[in-house]
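Heads up: the structure comes next, in structure tokens.
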Amino acid sequence: MIPARFTTPKYFAMRYLGAQVLSTRSFGIMTTGGGSKKKWSAKHDNILWYAKDPKNYTFRYEAIDRIRYLAPKLAGPENAARGKTPTDTWWHTIVSPTGKEKTGYPTQKPLGVLNRIVNVHSNPGDWLLDYFAGSGSFGEAAYRNGRDCVLIDNNETAIEVMAKRLAFANPLFYGMEPPVSKSLPPVESKTASGIRSAQA
């Protein structure tokens, strides 16, 4: 049971898991509109990388998805064909407003960003945890990349969005009945699955 004063992932990681910050990773999000004429427009999010033991953590270098060189001719044909590994500053587009990935949940993160995190910072078959699951992007990335995942959220809308989005994986529900909605497909509460969702 987590006390009511618990408010942020940072507090949880440091207070309950004893984790330390290894780095702050930024990734740029390309957006349309909203540009400021008085300052540099904020077009990025920060991702804090924690590890309970700063000398023992998962970082699968071979699993990093490579990106193209901005100046491929300077890199040479072989390197240009292989691509380069990203730095700690990532560029990624927003979730397309008209794409299939869009759920309508306000804090939805791009699946491409979560795929990179899952592939590099966990091993196939690992159990992952998202205790602010929201739209379920982390759970989908985990499932599609061969990991198991526990998703937690106390927002009923989030639970409904995740149930609909992850119906293909037949998720299990703990501490609650599967949400019933005209917009959602039937969900069984006793089917086996790699994705499990529960309320906090």
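Step by step: first the residues of segment 135-156, then only those that are among the polar types (S, T, N, Q) and under 19 Å from residue 95 (Cα atoms), then the one that is farthest from the chain's Cα centre (by Cα). Which residue is that?
Here is the first cut: in segment 135-156, the ones among the polar types (S, T, N, Q) are 135, 137, 145, 154-155.
Going one step further and asking which of them are under 19 Å from residue 95 (Cα atoms), we end up with 135, 137.
On the way: 135: 10, 137: 5 Å.
Taking the candidates together, the pick is 135.
Mind checking which pairs have a first residue in segment 125-138 that is on the phi > 0 side of the Ramachandran plot and a second that is open to solvent by 50 Å² or more (accessible area, probe 1.4 Å), Cβ under 7 Å, 6 or more apart or different chains?
134/107
Take the residues in segment 48-76 that are β-branched (Val, Ile, Thr) and surrounded by 13 or more Cβ atoms within 10 Å (Cβ to Cβ); name whichever of them is farthest from residue 90 (Cα to Cα).
Step one: list which residues in segment 48-76 are β-branched (Val, Ile, Thr), which gives 58, 64, 67.
Retained after the next criterion (residues that are surrounded by 13 or more Cβ atoms within 10 Å (Cβ to Cβ)): 64, 67.
Values: 64: 12, 67: 10 Å.
Filtering first and then ranking leaves 64.
Looking only at segment 98-110, count how many residues are polar (S, T, N, Q), exposed (fewer than 12 other Cβ atoms within 10 Å of the Cβ) and in contact (Cβ under 8 Å) with a residue 40 or more places away in the chain. Don't jump to the end; show me each part of the working.
Restricting attention to segment 98-110, the residues satisfying the condition of being polar (S, T, N, Q) are 98, 103, 107-108.
Cutting the leftovers down to exposed (fewer than 12 other Cβ atoms within 10 Å of the Cβ) gives us 98, 107.
Still in the list and also in contact (Cβ under 8 Å) with a residue 40 or more places away in the chain: none.
Qualifying residue count for the region: 0.
Among the listed residues 120, 113, which satisfies the condition of being open to solvent by less than 40 Å² (accessible area, probe 1.4 Å), closer than 17 Å to residue 48 by Cα and at pLDDT 95 or above? Talk me through it step by step, then tell me what you get.
On the way: 113 fails: at pLDDT 95 or above.
None of the other options fit; the residue is 120.
Is it fair to say residue 46 is modelled with pLDDT of 85 or more and among the polar types (S, T, N, Q)?
Values: modelled with pLDDT of 85 or more: no; among the polar types (S, T, N, Q): yes.
So residue 46 does not fit the description; no.
The values are calculated or read from the model by the stated rules, or taken from the named source; none is laboratory data. Worth saying up front: this structure is predicted, and the values here are computed from it rather than measured. Glycine gets a Cβ as well: all are built from the backbone with ideal geometry, and neighbour counts include every protein chain shown. Protein only, heavy atoms only, side chains kept; ligands, DNA and RNA dropped before computing areas. Shrake-Rupley method; radii C 1.70, N 1.55, O 1.52, S 1.80 Å.
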